[in-house]
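Written below as structure tokens is the structure these notes are about.
The values are calculated or read from the model by the stated rules, or taken from the named source; none is laboratory data. Predicted model only: the values in this text are computed from it and were never measured. A quick note on method: Cβ atoms are made from the backbone with ideal geometry, for glycine too, and the neighbour counts reach across all protein chains shown.
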Amino acid sequence: MKITLKDGSVKEYAEAMRIIDIAKDISEGLARNACAAELDGKVVDLRTVVDGEHALNILTFNDEAGKAAYRHTTSHVLAQAVKRLYPEAKLAIGPSIDTGFYYDFDCPPFDREALDALEKEMKKIIKEGEELEYFTMPREEAIKFMEEKEEPYKVELIKDLPEDSVISFYRQGDFTDLCAGPHLMSTKGIKAIKLISSSGAYWRGNEKNKMLTRVYGTAYTKNADLDAYLEHLEDIKKRDHNKLGREMELFATVDVIGQGLPLLMPKGAKIIQTMQRWIEDEEEKRGYMRTKTPLMAKKDLYVISDHWNHYKEGMFVLGDENDPNAEVFALRPMTCPFQYYVYKQSQKSYRDLPCRYGETSTLFRNEDSGEMHGLTRVRQFTISEGHLVVTPEQIEEEFYGCVDLAKYCLTTLGLQDDVTYRLSKWDPNNKEKYLGDAEQWDKTQQRMREILTHLGIDFTEEEGEAAFYGPKLDIQAKNVYGKEDTMITIQLDFALAERFDMFYIDANGEKKRPFIIHRTSIGCYERTLAWLIEKYAGQFPTWLCPEQVRVLPISEKYNDYAQKVKAALSENGILATTDERSEKIG
């Protein structure tokens, strides 16, 4: 047997060996720190027996896959602790995640006291140092095994697998879990743990399923690293826009108004007004024509655009659809169909293109209640929306202009280093979700890929994230908790011009279909405000501050003079207030 290691060195053995034993042969220290391995590029368990010629890389906690195995093992320790203290709890799933791990249980919620007790039990289990034993069963035998243990969620997971599947398990002492691994060799390899929080989570992420109790935790190899992470979490809590934005009186929510319908307070409204005026002026400099279109339209408009078929569940519908005599309306989830009719009000020639339409658009989307969060996921929001009607020859230059505008906005706000770029493509296995055929999608996606490469943009690609009418460039950012959202989007649309019978007259006097670029320059104002709160911990750049100067008179007899100073500042465009409280300046 010949094994080529990461550094290029070669180890030869007379017989097949487990990876953990190869690690011991290399170094006892390496074996102690090993969490998993990479065999010919595939992440595998340390128990894997190797024979023949292979490339092998032993993974430690310093490797992402090694860290995942370490934390996944810790999630099993959590599940074992829950079953010891709450035998009636039913096990669901417990994966590792970027920040640690979680495990879902069918049981009542855990408060902080309960989490502390579970953490204590976990440390006891770790100290016991049980070896993790890997074994398999045929599918039917595995189903019976989990039925006898009265674990219905595990039974459901097994039944979803093909009938000829061999099902794998890991056993540690008195606890056994359905799992594909990989895992540490024993629980004693876990050094520093902390259970962070408990929350609700629907089984399989479907709100139609039962709400389970999810426990979040994290694990490190050193207490110092755990302490640093917990300190980081405290900083995150201070930056959380949902908390800080309310404390700063930037926005509020009220139950009787509704979830996902925030009230922008005077300070928050001022920040958004400042951004809006800046964006509108900048777009005008770049040749955009402003429109102002209705907040709702008849169902007929959305049938033409095909939003009715592809997006109806996300719309607020007004009127009885079952009454053939009733007019049915819907609040607009986007502005594009309205701006198409602005375009169609007069005949256009190739000399009139590109047509760049911009609008500060208030939109409405019927988001699930479980998705609502502060200002980042709301049901009414305002975006810097625009649509460019272009000839095929103008696509690259105009797309570049949209990217340049987005980058200018990000740089001005100080956010340019906080984003990543994603080419969002269609899912060819779910063609019914999209307009057009495979040839149109492949051609348009390749065109966009070439444009992004030519622009020097470092991007990833992801299937299934495209709009139903075309691929898009999504500019992504993460909030303080690591959750990723789309901040700005630029979409290339090959389909809707035909559905709306849009055309231009070319140089030969013939009718031609234009392409449409859908774009935002700063995205959703509410989400951007949330992003800014977290980025700057509420200490905004001066030009965005809702209060730029505060005038402090040193005693009551100077109040009138303080008001004059404030008035002079205000006349010069500086947002000033006075603080006339009878308190010492100190």
Restricting to region 345-360, what's the tally of residues that are among the small types (Gly, Ala, Ser) and in contact (Cβ under 8 Å) with a residue 60 or more places away in the chain?
-> 2
Out of region 554-574, which residues are touching a residue at least 12 places away in the same chain (Cβ under 8 Å) and in contact with a strand residue (DSSP E or B) (Cβ under 7 Å, 6 or more places away or on another chain)?
-> ALA562, GLN563, VAL565, LYS566, LEU569, ILE574
Any idea which residue in region 30-59 is surrounded by the most Cβ atoms within 10 Å (Cβ to Cβ), counting only those that are within 30 Å of the chain's Cα centre (by Cα) and either assigned by TED's automatic domain parsing to the domain that holds ILE125 or of a type in the set (A, V, I, L, M) (or both)?
-> ALA36
Out of (1) within 19 Å of LEU118 (Cα to Cα); (2) over 22 Å from the mean Cα position of the chain (by Cα); (3) modelled with pLDDT under 95, the odd one out for ALA219 is which?
-> (3)
Does region 164-184 hold any residues that are more than 20 Å from LYS127 (Cα to Cα) and of a type in the set (A, V, I, L, M), and which are they?
-> VAL166, ILE167, LEU178, ALA180
Among the residues of region 38-86 satisfying the criterion of being free of Cβ contacts under 8 Å to residues at least 24 places away in the same chain and assigned to a strand (DSSP E or B), which is farthest from PRO109 (Cα to Cα)?
-> LEU39
Kindly list the number of the only condition in (1) assigned to a helix (DSSP H, G or I); (2) more than 24 Å from THR274 (Cα to Cα) that fails for GLU583.
-> (1)
Take region 355-378 and flag every residue that is among the charged types (D, E, K, R) and either under 20 Å from the mean Cα position of the chain (by Cα) or assigned to a loop (DSSP other than H, G, I, E, B) (or both).
-> ARG365, GLU367, ASP368, GLU371, ARG377
Quick one: in region 6-24, of everything that is modelled with pLDDT of 90 or more and under 23 Å from TYR70 (Cβ atoms), which residue is surrounded by the most Cβ atoms within 10 Å (Cβ to Cβ)?
-> ILE19
Output yes when any residue across region 539-551 is within 19 Å of GLN276 (Cα to Cα) and either part of a strand (DSSP E or B) or touching a Cys at 6+ places or on another chain (Cβ under 8 Å) (or both), and no when none is.
-> no
Among all residue pairs at least 6 apart or on different chains, which show Cβ distances below 8 Å where the first residue, located in region 423-447, is over 21 Å from ASP458 (Cα atoms) and the second is outside any helix (DSSP H, G or I) and basic (Lys, Arg)?
-> TRP441/LYS425
Filter region 414-454 down to residues that are of a type in the set (Gly, Ala, Ser) and modelled with pLDDT of 90 or more and give me whichever is surrounded by the fewest Cβ atoms within 10 Å (Cβ to Cβ).
-> GLY414
Return yes when ALA530 is surrounded by 12 or more Cβ atoms within 10 Å (Cβ to Cβ) and in contact with a strand residue (DSSP E or B) (Cβ under 8 Å, 6 or more places away or on another chain) and no when it is not.
-> no
Which one of these is at pLDDT below 95 and either of a type in the set (S, T, N, Q) or over 30 Å from TYR481 (Cα atoms) (or both): THR376, THR360, THR382?
-> THR376
Would you please list the contacts, defined by Cβ atoms under 7 Å and residues six or more apart or on different chains, that run from a residue in region 109-122 that is over 13 Å from SER199 (Cα atoms) to a residue that is of a type in the set (Gly, Ala, Ser)?
-> LEU118/ALA81; GLU121/ALA81; MET122/ALA81
Among (1) free of Cβ contacts under 8 Å to residues at least 12 places away in the same chain; (2) assigned to a helix (DSSP H, G or I); (3) under 21 Å from VAL378 (Cα atoms), the one test that ASP255 misses = (2)
Failed condition for LEU473, given (1) part of a helix (DSSP H, G or I); (2) closer than 20 Å to ARG356 by Cβ; (3) aliphatic (A, V, I, L, M) = (1)
Cβ-Cβ under 8 Å pairs, at least 6 apart or on other chains, region 507-529 side in contact (Cβ under 8 Å) with a residue 60 or more places away in the chain, far side part of a loop (DSSP other than H, G, I, E, B) and polar (S, T, N, Q) = LYS512/THR391; PRO514/THR391; PHE515/THR391; GLU526/THR376; ARG527/THR376
Which residue out of ALA81, ALA69 is of a type in the set (A, V, I, L, M) and more than 26 Å from the chain's Cα centre (by Cα)?
-> ALA81
Kindly indicate which of ALA507, ALA562, ALA568, ALA497 is assigned to a loop (DSSP other than H, G, I, E, B) and aliphatic (A, V, I, L, M).
-> ALA507
Residue among LEU226, LEU212, LEU230 that alone is in contact (Cβ under 8 Å) with a residue 40 or more places away in the chain and either of a type in the set (A, V, I, L, M) or exposed (fewer than 14 other Cβ atoms within 10 Å of the Cβ) (or both) | LEU212
Scanning region 131-150 for residues that are touching a residue at least 24 places away in the same chain (Cβ under 8 Å) and farther than 14 Å from PHE169 by Cα gives GLU150
When the residues of region 379-410 are filtered to those that are part of a helix (DSSP H, G or I) and among the hydroxyl-bearing types (Ser, Thr, Tyr), which remaining residue is nearest to HIS241 (Cα to Cα)?
-> TYR408
Single match in GLU465, GLU484, GLU510, GLU461 (criterion: more than 24 Å from GLU385 (Cβ to Cβ) and within 26 Å of the chain's Cα centre (by Cα)) | GLU461
